[in-house]
1. Does residue 5 satisfy being surrounded by fewer than 10 Cβ atoms within 10 Å (Cβ to Cβ), within 21 Å of the chain's Cα centre (by Cα) and part of a helix (DSSP H, G or I)?
2. Could you list, in sequence order, the residues of the range 42-66 that are among the hydrophobic types (A, V, I, L, M, F, W, C) and within 12 Å of the chain's Cα centre (by Cα)?
3. Of all the residues that make up the range 35-48, how many are part of a helix (DSSP H, G or I) and either touching a Lys or Arg at 6+ places or on another chain (Cβ under 7 Å) or modelled with pLDDT under 85 (or both)?
4. So is residue 72 surrounded by 10 or more Cβ atoms within 10 Å (Cβ to Cβ) and either modelled with pLDDT under 85 or in contact with a strand residue (DSSP E or B) (Cβ under 9 Å, 6 or more places away or on another chain) (or both) or not?
Amino acid sequence: MVRVLGYLVVASAAVIVALIVGATEAQRSREIAVLKEALGARRGFLLRAHGVEFGALGLMAGALGAALGGACAAPRHELVPDSLERCCTPASHSLW
């Protein structure tokens, strides 16, 4: 049951992200049209500008995700009993 709920959460998050990207695309299309018309911006400039913007956003999102993941994983160590940790570590499962 928990696994099904997890799949539903992931699916709903994917739908939300797709809707946000679609809304952003419509806004970007208007922005690109204004830049081309008003400033005479060329295609190469627009591609570089968007590449830099999305690259910076990706780096910031990755850093934030890594920081949040580390922050969430740190308390887990205190919650796991030592006996469970000893029995489930790779060193305790020797093959020979």
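The values are calculated or read from the model by the stated rules, or taken from the named source; none is laboratory data. Keep in mind the model is a prediction, meaning the values are calculated, not measured. Virtual Cβ from ideal backbone geometry, glycine too; neighbours counted across all protein chains shown.
1. Numbers: surrounded by fewer than 10 Cβ atoms within 10 Å (Cβ to Cβ): yes; within 21 Å of the chain's Cα centre (by Cα): yes; part of a helix (DSSP H, G or I): yes.
Here the answer is yes, as residue 5 does meet what is asked.
2. As a first pass, look at the range 42-66 and keep what is among the hydrophobic types (A, V, I, L, M, F, W, C): 45-47, 49, 52, 54, 56-57, 59-61, 63-64, 66.
Matches in the range 42-66: 57, 59, 60, 61, 63, 64, 66.
3. Looking only at the range 35-48, we keep the residues that are part of a helix (DSSP H, G or I), and these are 35-39, 43-48.
Now restrict to residues that are either touching a Lys or Arg at 6+ places or on another chain (Cβ under 7 Å) or modelled with pLDDT under 85 (or both): 35-39, 43, 46-47.
Final tally of qualifying residues: 8.
4. On the way: surrounded by 10 or more Cβ atoms within 10 Å (Cβ to Cβ): no; either modelled with pLDDT under 85 or in contact with a strand residue (DSSP E or B) (Cβ under 9 Å, 6 or more places away or on another chain) (or both): yes.
Spelling it out, it is not the case that residue 72 is surrounded by 10 or more Cβ atoms within 10 Å (Cβ to Cβ) and either modelled with pLDDT under 85 or in contact with a strand residue (DSSP E or B) (Cβ under 9 Å, 6 or more places away or on another chain) (or both).
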